[in-house]
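J.: For reference, the structure I am asking about is given below.
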Amino acid sequence: MPDKKSQIGGGKDPSGCVYEQDGSIFRSISPEFIPFFRSVLENKTVQGMIGRELVATTSKSEGSADGDLLLKHEKITPLNYPYEWPSAMLHDAARLTLEMSRNLLDEGLILKDATPWNVMYDGGKPVFLDFTSIMPIDTDLVWVALDQFSRLFLFPLLAAEQGFGRVVRSLMLASQNGISSNEVSSFLAPLGWVKKPWLIKRIYLPLMIVSMLQKSGQDKEIGKYIKKVEVSADTRKKFFNELLADLNSIQFKIGKSRWSQYYSDVETFFTTEQFNQKQQVVSDLMGKLKPKTVTDIGSNMGGYAVLAAQAGASVIAFDTDEDSINMFYELVKSRKLNILPLVLDVTNPPPASGWRGTQYPSAVERFKSEGALALALVHHLAITQGQAFERIADELADYCGKWLLTEFVPPVDPRTKELLLTCRRDVSWYTLDGYIIALKKKFKKITTFDSHPDGRTLILCEGKSRG
C-alpha cells in the first residue's frame, strides 16, 4: 500500500503542488498549465539545465489521477535551508538564480521567483528546485522577481559583507520577507557607495524618491507615475549582466577569525603519510565502521569530515564559526567532496519552522546520521557554554543512530587552560572519567584511544541505549 501523500511547500503556486509519496518527490501540474510546461520540458535549454542547475526531473507518462501532468523530481537529502548557510553559499545560490534567469532569456523564458528557499544544496552544489518558477517573459517588466531577489539575496549579502552574517541568518529564520532597502542601509558603511556606485541606483535613489513622495503625501499614488514600457531583449539581457556584476562585487573576508586558523594544516588530511595520531585513529575507524552518513559536530575547517567523506560517507559538517565554514565550503567545491558545510550551534539548533511550524523540520531531525563526530568540542561545551556532561551526551547522541566518536580535552591542555582563564565556575567535575560515565548512559560500548596532542583521548561510543 503506497504511503500517504505529504504536501511540501506553502501551497501557494496556482500551477500545481509538490508532495512526497513513497520516498519520492512529485509535482502535480494543474490542467490549464499543462501545455506550457510540456513545452518547457521539451525546450533544449531547459533540458540542458535539468540535472545540473535545475533539479533532475522526469515526466510521468501516466499522469496523476485527476488528469494533471505529473513530474518526478530527484529527492535531495538532507534538507537544508538558507538560515544554515554561510554567506558564500547564499552568494552562490544568488548567482545560480541570476544565471538561470539570464540563460532562459533567449528562449522567451524567465524565473518568476528569486528566493533562496527555491534552492537546496546537494553537498557543495546549489540546485534550483522550483520547476514551475519558469514562466514566459513579461515584456513590460525587466524582471518580475527583482524586488524579491533584492530583499532575499542582494541586501542580505550586503549586510553579510559588513560582518552581519549571523544577523542575516537570524532574520532568514524569523521571516521569509527578507531585508528591505531601508533596513539594509543601516548595515552599510557611510561611504559604501564610493566602492560600489551601484548602491546609489539600487538603494539610495529609491529611498530618496519614496521619502520625497511620502513628505508630499503622494506615496499612495505612486502607481500614477509608473508607465508600462516595452522592454527590449537587449535591455533585459544588459540588466541581468549588470545585476550579476553587482552581485559579484560583494566579497567576504575569510580566514580572519581565530578558529578559521585552527586547522591551517587541512591539506594534511589528504595525505596519509602526514597523519598524526588523531588523524590516523579517525581514518582507521572510518575504514572499519564504513558509515554511509556522518554528522561532524563542531567541524571547524572540516578535516575530520574529509576523512569520513574519503571513507565513502555522505557528510554533514557544521560549526558556529562562519569564517571557518566559508573556507571549508570553498574546499568542498574545489575538491568536489560529498560534504554539506553549514553554520549551526549544537546547543541551539534551528527548530521546526515555516507554515504552522511544520513546513521546515528541525535541524536535529534533518541532520541525524548513522554516526557522529564531536572532536575537540567537549571543553567548549562544558567550560565556555556551562553544559554538564549529561547534557552534552544527550545533545551529541541526537545526531547519531549507531555510534559517536568524541574527544576529551583535559584541563591541562593549553586550549582548555585558555578557556579556564575566564571561567569563574567550579569545574572540578570536568574529568575524563566523568565524561565517560555520562556517555555510558547513552551508549552500551565505550572504547578509548590516544589522541593528538598528547593527553587528549578519543572515545568511540557504540550501541545507543533507548531512552
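The values are calculated or read from the model by the stated rules, or taken from the named source; none is laboratory data. Note that the structure is predicted; figures quoted are calculated from it, not measured. Reconstructed Cβ throughout: ideal geometry from the backbone, glycine too, with neighbour counts over all protein chains shown. When the accessible area is computed, the model is the full protein with side chains, heavy atoms only, and any ligands, DNA or RNA have been set aside. Shrake-Rupley method; radii C 1.70, N 1.55, O 1.52, S 1.80 Å.
J.: Quick check, is residue 410 part of a loop (DSSP other than H, G, I, E, B), open to solvent by less than 40 Å² (accessible area, probe 1.4 Å), in contact (Cβ under 8 Å) with a residue 40 or more places away in the chain and under 23 Å from residue 81 (Cβ atoms)?
T.: no
J.: Quickly run through segment 277-308 and pick out the residues that are surrounded by fewer than 23 Cβ atoms within 10 Å (Cβ to Cβ) and either at pLDDT below 95 or acidic (Asp, Glu) (or both).
T.: Of everything in segment 277-308, just one residue is surrounded by fewer than 23 Cβ atoms within 10 Å (Cβ to Cβ) and either at pLDDT below 95 or acidic (Asp, Glu) (or both), namely 284.
J.: Can you find a residue in segment 389-406 that is open to solvent by 50 Å² or more (accessible area, probe 1.4 Å) and not charged (D, E, K, R)?
T.: no
J.: Output the helices (runs of 4 or more DSSP H) that fall wholly within segment 178-218 and possess 2 or more residues being open to solvent by 40 Å² or more (accessible area, probe 1.4 Å) and at pLDDT 85 or above, or say none.
T.: 181-185
J.: Something else about it: Which residue out of 53, 62, 84 is among the acidic types (Asp, Glu) and either more than 29 Å from residue 165 (Cα to Cα) or modelled with pLDDT under 95 (or both)?
T.: Only one candidate passes the filter, namely 62.
J.: Considering each residue of segment 65-92, count those that are open to solvent by less than 20 Å² (accessible area, probe 1.4 Å) and at positive phi, and give that number.
T.: Number satisfying all stated conditions: 0.
J.: Of everything in segment 168-177, what is open to solvent by 50 Å² or more (accessible area, probe 1.4 Å) and either acidic (Asp, Glu) or without any contact (Cβ under 8 Å) to a residue 12 or more places away in the chain (or both)? Give them in sequence order.
T.: Matches in segment 168-177: 174 only.
J.: Turning to a different aspect of this structure: So for segment 158-168 (the condition being part of a loop (DSSP other than H, G, I, E, B) and within 17 Å of the chain's Cα centre (by Cα)), does at least one residue qualify?
T.: yes
J.: Quick one: residue 331 ticks every box in (1) more than 25 Å from residue 81 (Cα to Cα); (2) in a helix (DSSP H, G or I) except a single one, so which number is it?
T.: Only one criterion in (1) more than 25 Å from residue 81 (Cα to Cα); (2) in a helix (DSSP H, G or I) is unmet by residue 331, namely (1).
J.: Filter segment 433-450 down to the residues that are of a type in the set (A, V, I, L, M) and part of a strand (DSSP E or B) and list them by number.
T.: Within segment 433-450, 446 is the sole residue that qualifies.
J.: Could I ask something else about it? Could you figure out which of (1) aromatic (Phe, Trp, Tyr); (2) touching a strand residue (DSSP E or B) at 6+ places or on another chain (Cβ under 6 Å); (3) closer than 29 Å to residue 314 by Cβ isn't true of residue 37?
T.: Failed condition: (3).
J.: On to the next question. So in segment 444-467, with the set limited to residues that are over 15 Å from residue 374 (Cα atoms) and among the acidic types (Asp, Glu), which one is least open to solvent (accessible area, probe 1.4 Å)?
T.: Going through the qualifying residues, I end up with 450.
J.: Something else about it: Considering each of 441, 368 in turn, give the residue that is surrounded by 15 or more Cβ atoms within 10 Å (Cβ to Cβ) and of a type outside the set (A, V, I, L, M).
T.: On inspection, the qualifying residue turns out to be 368.
J.: Could you list, in sequence order, all residues of segment 93-138 that are open to solvent by less than 20 Å² (accessible area, probe 1.4 Å), closer than 21 Å to residue 230 by Cα and either outside any helix (DSSP H, G or I) or modelled with pLDDT under 95 (or both)?
T.: Passing the criteria: 109, 110, 111, 134.
J.: Against the condition modelled with pLDDT of 95 or more, in contact with a helix residue (DSSP H, G or I) (Cβ under 9 Å, 6 or more places away or on another chain), part of a helix (DSSP H, G or I) and over 16 Å from residue 83 (Cβ atoms), how does residue 317 come out, does it pass?
T.: no
J.: Could I ask something else about it? Right, residue 242: of a type in the set (Asp, Glu), within 26 Å of residue 106 (Cβ to Cβ) and modelled with pLDDT of 70 or more or not?
T.: yes
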